[in-house]
1. For the chain, what does -39500 (n - 2.57) per DSSP helix run (n ≥ 4), summed and divided by total residues, give at 222 nm, in deg cm²/dmol to the nearest 500?
2. 5 Å is the cut-off here: which amide hydrogens, built 1.01 Å from N in the peptide plane, fall below it relative to Val159, excluding neighbours closer than 5 in sequence?
3. Over the range 318-421, how many pairs of lysines fall under 19 Å by alpha carbon, counting only those 8 or more apart in sequence or from different chains?
4. Looking at the chain only, what percent of DSSP beta bridges run antiparallel? Nearest 5 please.
5. For the chain, what relative contact order do you get, as a whole percent, if you take Cα pairs closer than 8 Å and at least 6 residues apart?
6. How do 166-175, 278-287 rank on mean C-beta neighbours within 10 Å, highest first?
7. Sort out for me the Cα centre separation of the range 28-53 from the range 139-189, rounded to whole Å.
8. Dividing the alpha-carbon Rg of the chain by 2.2 N^0.38 Å yields what?
Amino acid sequence: MGLRNSMMAAGCVAALALAAGAAQARDVAIHAGRLIDGTGKAPQSQVTILLRDDRIVSVTPGFTAPKGAEVIDLSNSTVLPGLIDDHVHITQGFHKGDPIHHNLTTTDYDMAIESTVYAHDTLMAGFTTVRDCGAETEVVVALKRQIAAGVVPGPRMWVAGKPLSPTGGHGDDTNGLDPELMHPHWTDNLVDSPEAARKAVRKLRQEGADFIKIMPSGGVASIGDDPTLQLMADDEIKAVIDTAHSLGMKVAAHAHGKQAIDHTLALGVDSIEHGTYADAESYKLFKAHNAYLVPTQLVGVRIYDHAKNHPEDLNPSSARKALETIPTMLKNLHDAYAAGVKIAFGTDTFGMSNHGENAQEFKLLVNAGMPPMEAIKAAAWNAADLIGDTQDIGTVQPGRYADLIAVDADPLKDVTVLEHVAFVMKGGVVYKAKGEPVAH
């Protein structure tokens, strides 16, 4: 066969392959009895959501189906976009007792294996996307890749990798240890100068991080640091934010104390996680810099309960800090929302509440004064906006991923029904139907 004929034959084969691929496109029509689309708009009744492969094609009134399309009957259910949790630690579980003993007797391999279970449980709860706000970088990046490849069932993931902390801050793995003890990677995430901060951001991006997490203030669960104090210097914070933004990465800041919150907002951070001691001045800074508050009410409730009723589950300094800090953190959400601060849904799930219990945050948001529709929007459009991908996730609109959930009642009347998701679809694939996992 001559070269010309060979090329013609190859072209024919390619054309046939394309035609076959088009013919095999999978159309699915979902009949939704009620649709809450995640934008905050009023619910729609009796609509058809048409899917092609992993994307939404259209949302139209009435129950219809193109010829040959598979029909999924959710006519007695409320359909919503797949939920988004913007603050998880999906590779971590809570282990009662001495945290130092646990950290010194487990490895990244243990964490990697456990994380596959946590990812599955999160997806089954209806959370089709998460923003992981801190983990061993190589573990969480590997989990993200294997989920994307379809090897492990789990949510879409945006990951920060190892959070950047000052020496002795929330995120320093050596806190509470004999100074003579050392691990080759324990201090990789410590930044004590602008130069170190810039290099650390670039390294995290190289290793596969999608955004950056920093620790401007002390924390509650960490040992020995003070959550009311700013522990990172302004020039270190600015170096992180400027470098990350230059690379197209957002920055999330763990911040409890007012000074850490206000300074980090003024320097251009994209979100404040927790925000415990924010005040009216802080709320003005949130709005001036278009930043989100991720209020993490669920972890607050759970760690406070442990500190009050089972202090033996925590390090002594953590128990004390929880009793001092958490009541203010819980109250702050009400004040921030009332002041017009943008809220994104985030639970800080790391095992204090179980992975898969993320939806318990909704009731806490509503109890703090958010209407149910606003609480849902916080876990839909708002959460997608904070991630930076409203074109793909967070709403039921044409062009978005076919990430959908369904519940058997109306969450606008009782938001706790979102704790009992009956149907889960991610990327057009059904993972849960009639309340039961679907085998693949």
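No lab work stands behind these numbers, since they all come straight from the coordinates. Just so we're clear, the structure is a prediction, and the values are computed from it rather than from any experiment. Cβ atoms come from the backbone with ideal geometry, glycine included; neighbour counts cover every protein chain shown.
1. On the way: 13 runs with 160 residues, N = 440.
Computed mean residue ellipticity for the chain: -11500 deg cm²/dmol.
2. For Val159, the qualifying residues are Asp132, Asp210, Phe211.
3. Values: Lys321/Lys331; Lys331/Lys342; Lys331/Lys363; Lys342/Lys363; Lys342/Lys377; Lys363/Lys377; Lys363/Lys413; Lys377/Lys413.
For the range 318-421, qualifying lysine pairs total 8.
4. Details: 28 of 58 bridges.
The answer is about 50 percent antiparallel.
5. Numbers: 1020 pairs, mean separation 80.8, N = 440.
Taking the mean separation of contacting Cα pairs over the length of the chain, I get 18 percent.
6. Numbers: 166-175: 21.1, 278-287: 17.5.
Peptide ranking by packing, descending: 166-175, 278-287.
7. 38 Å
8. Numbers: Rg = 23.0 Å, N = 440, 2.2 N^0.38 = 22.2 Å.
Cα-based Rg divided by the globular estimate yields 1.04.
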